[in-house]
Amino acid sequence: MKRKYRKKLSARKHSEINIQIEELGWHGDGIANSSGRRIYVPYTLAGESVRVLLTDSQAKLLEILHASPERVEPQCTYYGTCGGCAAQHLNFEAYYKWKRQVVVRALLNRQIEVPVEDLIDCHGSGRRRVALHVHKVDGKVRVGFMQARSHKLVDVKSCPVLAPELVKATDIARDVVGQLSNTAQALNIQLTVSETGLDCTISGAGKLDLSARVGLSDCASYHDLARLSVDDEMILERRAPILTFGAGKVVLPPRSFLQATTAGEEILSKIVLDGVSGANRTADLYCGIGPFSLRMAAHSSVLSFDSDATSIAALETAAHKVQGQKPVRAEVRDLTGNPLHASELDSFDAVVFDPPRAGAEMQAREIASSKVCRVIAVSCNAATFARDSSILIDGGYQLKKVTPVDQFRFAGHVEIVGVFERI
């Protein structure tokens with residue numbers, strides 16, 4: 001079975017060679033070894049023989065000489081051009097094993113041997129947020145995603161990994177941009193699914209005149225958007241975009257962090273709640289808008305911290321309206337530069353932390369020095385999760401349970417939850 005992937009070659013020095021793909025890397029690229037050099041080839045699988053174009057910086061797949069039995073036809077017509085997905089060519093059984101193995105390898109690289117549970121599929125109805133790039137060139141509007149390892153925009157009509165509510169996301173983006181004739185040539189448009197409708201945030205539009213404001217308001221009404229904002233300015237709110245976490249209802253701040261899928265958030269919350277079961281006082285670090293905090297408050301008082309002031313304000317407002325639960329207090333604090341110190345943590349029965357991709361190295365060191373009995377770590381980066389886990393283990397914690405959660409279907413990312421107990 002042969003498949004050709006020939007594209008226009010660059011003017012750079014290049015050579016064509018046949019190589020054997022030995023493994024699938026954690027970003028989704030096939031990895032081969034040739035003359036002592038590791039070669040990364042996108043869209044290939046372990047066991048495949050391929051012909052590639054080698055340049056100074058990368059390899060490009062030209063032809064599959066022998067295909068893996070795990071190879072399937074991609075679901076999306078843009079696959080291989082759009083950089084959003086990395087593994088649509090892998091069958092689901094092998095895909096689940098690969099994502100779990102990403103976590104296993106990251107832990108082993110830190111000499112951490114612990115049972116890793118099977119991957120939980122949390123794609124659900126699809127991704128509930130999309131960030132679209134928009135380029136305006138010579139009066140023509142292009143909306144879509146960037147190519148992998150490139151600044152070239154791929155113009156797309158639809159995306160199969162998005163929730164049904166976002167099926168017209170690119171049409172909405174094009175209509176929105178049509179109201180901004182006097183603005184920048186490059187924009188970003190983020191659309192988020194809420195329980196009351198879509199929230200739309202435009203970044204990079206610059207100063208708006210009256211005509212643009214009227215046009216955007218009309219566009220929001222036409223597409224039944226809940227809210228439309230430009231940078232930090234709300235243009236029109238027809239309905240507050242609301243998300244429910246436990247007994248709390250949060251008004252979504254523009255550009256705030258949100259788990260990728262509703263199913264992912266629900267499963268992560270269940271694992272976290274199980275992990276802190278029985279705690280009377282819990283700290284929620286990097287809490288965002290409170291998906292864990294508001295759920296944990298059904299059983300425990302919660303002190304929540306995040307560096308984003310708008311997220312903290314949204315959480316506080318929601319918490320104050322909830323009756324019959326334990327108190328939730330929320331504070332603005334940059335935990336990366338100013339982590340909670342061990343002496344501040346000692347009064348908590350449990351700590352939950354869900355940091356950005358860079359992890360929480362300084363905060364993990366303070367937790368490791370504390371007397372907290374239980375720690376729940378949530379991460380979307382296997383490498384930084386393993387590093388922070390190693391710090392906690394060196395500080396006297398035992399990693400009891402690791403659960404990989406997939407809410408980034410076809411991408412190289414995987415969510416991870418680790419449950420630690422002090423020995």
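The values are calculated or read from the model by the stated rules, or taken from the named source; none is laboratory data. Note that the structure is predicted; figures quoted are calculated from it, not measured. We place every Cβ from the backbone using ideal geometry, glycine too, and count neighbours over all the protein chains shown.
Within the range 204-235, the set of residues being surrounded by 18 or more Cβ atoms within 10 Å (Cβ to Cβ) and closer than 19 Å to R255 by Cα comprises A205, L216, A220, L225, A226, R227, L228, S229, V230, I235.
Just to be sure before I move on: is G30 touching a residue at least 60 places away in the same chain (Cβ under 8 Å) and of a type outside the set (V, I, T) in the structure I sent? Spelling it out, it is not the case that G30 is touching a residue at least 60 places away in the same chain (Cβ under 8 Å) and of a type outside the set (V, I, T).
One line per residue, one yes/no per condition, for (1) surrounded by fewer than 17 Cβ atoms within 10 Å (Cβ to Cβ); (2) aromatic (F, W, Y); (3) over 24 Å from F410 (Cβ atoms):
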| position | (1), (2), (3) |
| --- | --- |
| E16 | yes, no, yes |
| L24 | no, no, no |
| R38 | yes, no, no |
| V50 | no, no, no |
| L62 | no, no, no |
| S68 | no, no, no |
| T77 | yes, no, no |
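The C-beta contact set for the range 197-212 (first residue over 14 Å from Q179 (Cα atoms), second residue part of a helix (DSSP H, G or I) and among the acidic types (D, E), distance under 7 angstrom, 6+ apart or interchain) comprises L198/E165.
Rundown of residues vs (1) under 23 Å from I267 (Cα atoms); (2) out of contact with any His (no Cβ under 6 Å at 6 or more places or on another chain); (3) among the aliphatic types (A, V, I, L, M), yes/no style:
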| site | (1), (2), (3) |
| --- | --- |
| Y40 | no, yes, no |
| R71 | no, no, no |
| P74 | no, no, no |
| T77 | no, yes, no |
| A94 | yes, yes, yes |
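Residues in the range 312-324 that are modelled with pLDDT of 95 or more and assigned to a loop (DSSP other than H, G, I, E, B) were compared, and the one that is nearest to P253 (Cα to Cα) is K321. In the range 109-140, the residue that is farthest from P404 (Cα to Cα) out of those that are aliphatic (A, V, I, L, M) and under 20 Å from the mean Cα position of the chain (by Cα) is L132.
Restricting attention to the range 259-278, which residues are of a type in the set (A, V, I, L, M, F, W, C), farther than 25 Å from V372 by Cα and crowded, with 23+ Cβ neighbours inside 10 Å? Before you say what the answer is, go through the steps one by one.
Going through the range 259-278, the residues of a type in the set (A, V, I, L, M, F, W, C) turn out to be 260, 263, 267-268, 271-273, 276.
Next, only the ones that are farther than 25 Å from V372 by Cα stay: 260, 263.
The one that is of a type in the set (A, V, I, L, M, F, W, C), farther than 25 Å from V372 by Cα and crowded, with 23+ Cβ neighbours inside 10 Å: A260.
The sole residue among G84, G144 that is crowded, with 19+ Cβ neighbours inside 10 Å, out of contact with any Gly (no Cβ under 6 Å at 6 or more places or on another chain), outside the structural domain of Y43 (by TED's automatic domain parsing) and assigned to a strand (DSSP E or B) is G144.
When G396 is tested against (1) within 27 Å of Q111 (Cβ to Cβ); (2) surrounded by 21 or more Cβ atoms within 10 Å (Cβ to Cβ), only condition (2) is not met. Scanning the range 325-347 for residues that are crowded, with 16+ Cβ neighbours inside 10 Å and more than 19 Å from P291 (Cβ to Cβ) yields a total of 5. Criterion first (within 23 Å of C219 (Cβ to Cβ) and either at pLDDT below 95 or more than 17 Å from the chain's Cα centre (by Cα) (or both)) does A169 satisfy it? Criteria met by A169.
Looking only at the range 312-324, decide whether some residue is of a type in the set (D, E, K, R), buried (at least 23 other Cβ atoms within 10 Å of the Cβ) and in the same structural domain as C380 (by TED's automatic domain parsing). Within the range 312-324, none of the residues are of a type in the set (D, E, K, R), buried (at least 23 other Cβ atoms within 10 Å of the Cβ) and in the same structural domain as C380 (by TED's automatic domain parsing). One residue stands out among those in the range 50-75 that are in a loop (DSSP other than H, G, I, E, B) and more than 23 Å from Y95 (Cβ to Cβ): the one that is modelled with the lowest pLDDT, which is S57.
Every residue, every condition in (1) closer than 21 Å to S379 by Cα; (2) outside the structural domain of D171 (by TED's automatic domain parsing); (3) of a type in the set (F, W, Y), yes or no:
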position	(1), (2), (3)
A212	no, no, no
D274	yes, yes, no
A279	no, yes, no
R295	yes, yes, no
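When you scan the range 225-248, do you find a residue that is among the hydrophobic types (A, V, I, L, M, F, W, C), in a helix (DSSP H, G or I) and either touching a helix residue (DSSP H, G or I) at 6+ places or on another chain (Cβ under 9 Å) or over 27 Å from L268 (Cα atoms) (or both), even just one? No, there is no match, as no residue in the range 225-248 is among the hydrophobic types (A, V, I, L, M, F, W, C), in a helix (DSSP H, G or I) and either touching a helix residue (DSSP H, G or I) at 6+ places or on another chain (Cβ under 9 Å) or over 27 Å from L268 (Cα atoms) (or both).
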